[in-house]
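Scroll down for the structure; my scribbles are underneath it.
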Amino acid sequence: MALMSFQPPKGTDDILAPESQLWRRILKLWEEMSARYGYPLMLLPVFESTELFARGVGETTDVVTKQMYSFPDKSGRSLSLRPEGTAGAVRAYLNRGGQAVFKGAYSGPMFRYEQPQAGRRRQFYQVGVEYMGVSSSEADIEVIELGWRFVAAAGVDAELRLNNLGDAECRPGYLADLRAYLNERRTELPDSMASMIDANPLRILDSGPEAVAASAPRFEDYWCRPCRDHHDAVLAALDSLGIPYISDHTLVRGLDYYTRTAWEYIGLGLKGAQNAVGGGGRYDDLAETLGGKPAPGLGFALGVDRIAAVSTLDPDPEIEVFVVSETGPKEALHAASRLRGEGVGVDFDAEARSVKAQLRTAGRRGVPHLMIVRGDDIVEVRSGGERRQMPLREVASWIRGSS
Ligand code: AMP
């Protein structure tokens, strides 16, 4: 029979063990930490109406104009695979009735039709939170801190870059001056960027020529009083929590919905334009843009593919014990079943193989304990250099005591 010739679609990956054992560890950490900060799980659709993203993410963004996987369903509705998690989360919040305060954490695949390269995939995996209904700077700090601590706990050396993108009050004045400046320096921009001066001038700050960005007008000279106070409060709280940051006036993020605080976690081991492990910001106008009643909000999304690429964590071996049977797989199965029932992670070789072959398999799996079964109730447990004989019923508590 011919070998199967299908390949995964361009820009997608099969993430299997041992790589997936690191992913499992990172995702478990995410579940644990997002819960610790009070973010209940949100399970949201992987596709939504195309209009939701056009309105929410922004009609002029690259994500919406070039990168969406959009398709008509069988009854002709235009749907899109989600390119990001925030628009869907805010929709869900509004559909629930927009209760005063809402917190939620998500985790799952996102889809963007991009030119695949290292750190840029067409299907990639994000974890993130959204926090709706609170406009205070304490909410910003909580969210920034969760992302910062999670990235560190996931074994990634990162720096926090921060900006404030103003609000409906001060942003129009800034954008007008920025457009005027960019028009003066039009000849220095690549042709493809000329149309961005009107449509999306902020984007030129982070993706245009550095010399143009360096002397562009700066948001900080335009902030209204409340934006300035908010920003000062965020910086003061970061200082008091001991979270280091770098102010970056060219940080604008690629999605249109951000207002005020915007930030990125830059992975120090990642290179080039794909060096952000995640980013977030406030989106105080988004609920209204989506047709709901006004509600402030903020959140972040972190890219697990990039986190896994530079994480220094050890993969999660999943099992603690490998059962090696001198009498065949039936006895190994029964012993494994008993220990699994007692909460211990166990595997065994279900094929009748020599003891030597079973030991080789156990070695490859990198398990901390071996258990040799020989046809009676007394088994041998081997951990590091130590060997002990004990009844099978005592093994689970012995393992718990030794780990
Ligand atoms: P964004 O939703 O664009 O703010 O992205 C947040 C994070 O998701 C980025 O910092 C990356 O870590 C990750 N990310 C975004 N797009 C991709 C992609 N095409 N491939 C891999 N990771 C991505």
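The values are calculated or read from the model by the stated rules, or taken from the named source; none is laboratory data. Because the structure is predicted, anything quoted here is derived from the model rather than measured. All Cβ positions, glycine included, derive from the backbone under ideal geometry; neighbour counts span all protein chains shown.
Of note:
- The single residue among ARG36, ARG112 that is crowded, with 17+ Cβ neighbours inside 10 Å and among the charged types (D, E, K, R) turns out to be ARG112.
- Only a single criterion out of (1) within 16 Å of the ligand (Cβ to nearest atom); (2) within 19 Å of GLU169 (Cα to Cα); (3) of a type in the set (Asp, Glu) is not satisfied by ASP221, namely (1).
- All told, VAL381 falls short of being outside any strand (DSSP E or B), touching a helix residue (DSSP H, G or I) at 6+ places or on another chain (Cβ under 9 Å), modelled with pLDDT of 95 or more and not assigned by TED's automatic domain parsing to the domain that holds ARG260.
- Among residues of the range 248-266 that are assigned by TED's automatic domain parsing to the domain that holds VAL277, those with a Cβ under 8 angstrom from a residue that is part of a loop (DSSP other than H, G, I, E, B) and polar (S, T, N, Q), sequence gap 6+ or separate chain, pair up as GLY254/THR61; LEU255/THR61; ASP256/THR60; ASP256/THR61; ASP256/ASN200; ILE266/ASN275.
- Counted residues, the range 34-49 - those being touching a Phe, Trp or Tyr at 6+ places or on another chain (Cβ under 9 Å) and outside any loop (DSSP other than H, G, I, E, B): 3
- In this structure, VAL346 does not satisfy being buried (at least 20 other Cβ atoms within 10 Å of the Cβ) and either basic (Lys, Arg) or within 16 Å of the ligand (Cβ to nearest atom) (or both).
- Matching residues in the range 67-100 - criterion: being in contact with a Phe, Trp or Tyr (Cβ under 9 Å, 6 or more places away or on another chain) and modelled with pLDDT under 95: ARG96, GLN99
- Meeting the requirement of 3 or more residues that are under 19 Å from ASN163 (Cα atoms) and hydrophobic (A, V, I, L, M, F, W, C), the strands (runs of 3 or more DSSP E) wholly within the range 254-337 are 259-267, 297-303.
- All of ALA237, ALA176, ALA199, ALA214 fail the test of being of a type in the set (A, V, I, L, M, F, W, C) and under 21 Å from GLY279 (Cα atoms), apart from ALA237.
- The range 186-240 - residue that is farther than 24 Å from THR60 by Cα and of a type in the set (Lys, Arg) and, of those, surrounded by the most Cβ atoms within 10 Å (Cβ to Cβ): ARG228
- For the range 2-33, taking the residues that are assigned to a helix (DSSP H, G or I) and of a type in the set (A, V, I, L, M, F, W, C), the one that is farthest from ARG365 (Cα to Cα) is identified as MET33.
- Scanning the range 103-147 for residues that are of a type in the set (A, V, I, L, M, F, W, C), more than 15 Å from MET42 (Cβ to Cβ), within 10 Å of the ligand (Cβ to nearest atom) and at pLDDT 95 or above returns PHE111, PHE124.
- Checked across the range 90-102, the condition of being away from the ligand (no atom under 16 Å from the Cβ) and part of a strand (DSSP E or B) holds for at least one residue.
- Breaking point among (1) away from the ligand (no atom under 16 Å from the Cβ); (2) touching a residue at least 60 places away in the same chain (Cβ under 8 Å), for SER78: (2)
- Of all residues in the range 353-374, those being touching a strand residue (DSSP E or B) at 6+ places or on another chain (Cβ under 9 Å), more than 24 Å from GLU19 (Cβ to Cβ) and part of a loop (DSSP other than H, G, I, E, B) number 1.
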